[in-house]
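The values are calculated or read from the model by the stated rules, or taken from the named source; none is laboratory data. From a predicted model like this one, the values you see are computed outputs, not experimental measurements. No Cβ is skipped: glycine too gets one built from the backbone with ideal geometry, and neighbour counts run over all protein chains shown.
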Amino acid sequence: MNIKTLKILCLSLGLTLSSSFVLAQEGTVEVNQDPEITALLKLKKQINNEDEDSDRYKIQIYSGSRSGAESAENKFDSSFNSWPSKLVYETPNYKIWVGNFRTRLEADKALKTIQKKFPIGTFIFKPKKKD
């Protein structure tokens, strides 16, 4: 064996033995958050849900008579509390619109959930801008 090979062999053996003695550092992280941050996040979420921006997506779950719309809205409100519902009148029908989604992806996810209770005639749309 030549000296170069012997050095490489010794170095490899030394690294292998020393690596078994190395221990990873362990620790815990504690986050101290001001309670007002939680309140602000809740307020921001509420404002986003109430925002009536016409660039948002909505889901229509019903279109028809007033009594049918009220019944559908009550059924929706008792089944889902994540999204607001709204009774809208567009001649000649009463409609129930739910949600206020910023992206189509958000609306698609909600639609899949909502269609389990409202499988017929439920669809995503963007309301027309009111000038």
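Remarks
- Count - residues of region 92-131 that are among the charged types (D, E, K, R) and surrounded by 13 or more Cβ atoms within 10 Å (Cβ to Cβ): 6
- Taking region 73-101 as the range and being without any contact (Cβ under 8 Å) to a residue 40 or more places away in the chain, touching a Phe, Trp or Tyr at 6+ places or on another chain (Cβ under 7 Å) and under 14 Å from THR122 (Cβ atoms) as the test, the residues that pass are SER85, LYS95, ILE96.
- Within region 103-117, residues that are in contact (Cβ under 8 Å) with a residue 24 or more places away in the chain sit with their Cβ atoms under 7 Å from residues that are hydroxyl-bearing (Ser, Thr, Tyr) and surrounded by 15 or more Cβ atoms within 10 Å (Cβ to Cβ), at 6+ positions apart or across chains, in these pairs: ARG104/TYR57; ALA107/TYR57; LEU111/THR122; ILE114/THR122.
- Residue check, TYR57 aromatic (Phe, Trp, Tyr) and more than 25 Å from the chain's Cα centre (by Cα): no
- Within region 109-131, being of a type in the set (S, T, N, Q) and over 16 Å from ASN93 (Cβ atoms) holds for THR113, GLN115.
- Among the residues of this structure, ASP77 does not count as one that is surrounded by 10 or more Cβ atoms within 10 Å (Cβ to Cβ) and either modelled with pLDDT under 90 or not in a helix (DSSP H, G or I) (or both).
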